[in-house]
Amino acid sequence: EYIRSSYYNKLEYTRFSSSVGKFVGFTEYGVKNAEYWNNDASFLSAMKAQKEAVCLHNVQIKYDNMLTKS
C-alpha cells in the first residue's frame, strides 16, 4: 500500500492511500486540497502509479532481506 500524508504543525491535513485511490482531507484546508487534487485526473493517476513505481518494485527486495535476517 502506498500512503502519502501531508502535515503542517504536526497535524495531518491530507492523505492519499492507494487502497482508497483518492485523497482524503482531515481539516478544512485539507478537504479543499483533497477536492482539488481528486478532480485533477492526471495528478490522481500519477499518485496511483506511485504504488507500482515505489512499492511493487521494492517489495521483493525488502522481503528477501527480512528472510535472511530472521
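The values are calculated or read from the model by the stated rules, or taken from the named source; none is laboratory data. These numbers come from a predicted model, not from an experiment. Here the Cβ is made from the backbone with ideal geometry for all residues, glycine too, and neighbour counts use every protein chain on show. When the accessible area is computed, the model is the full protein with side chains, heavy atoms only, and any ligands, DNA or RNA have been set aside. Shrake-Rupley method; radii C 1.70, N 1.55, O 1.52, S 1.80 Å.
Structure above, values below:
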| item | result |
| --- | --- |
| Selection status of LYS32, touching a residue at least 24 places away in the same chain (Cβ under 8 Å) and touching a Gly at 6+ places or on another chain (Cβ under 9 Å) | no |
| Search result, residues across the range 20-32 that are under 9 Å from the mean Cα position of the chain (by Cα) and open to solvent by 90 Å² or more (accessible area, probe 1.4 Å) | LYS22 |
| Answer residue from the range 36-70, given it is surrounded by 11 or more Cβ atoms within 10 Å (Cβ to Cβ) and of a type in the set (Lys, Arg) and is farthest from THR14 (Cα to Cα) among those | LYS51 |
| Matching option when the condition is of a type in the set (Phe, Trp, Tyr) and assigned to a strand (DSSP E or B), among PHE43, PHE16 | PHE16 |
| Residue among LYS51, LYS10, LYS62 that is out of contact with any strand residue (DSSP E or B) (no Cβ under 9 Å at 6 or more places or on another chain), in contact (Cβ under 8 Å) with a residue 40 or more places away in the chain and among the basic types (Lys, Arg) | LYS51 |
| ASN9, sole failed condition from (1) polar (S, T, N, Q); (2) open to solvent by 60 Å² or more (accessible area, probe 1.4 Å); (3) touching an Asp or Glu at 6+ places or on another chain (Cβ under 8 Å) | (3) |
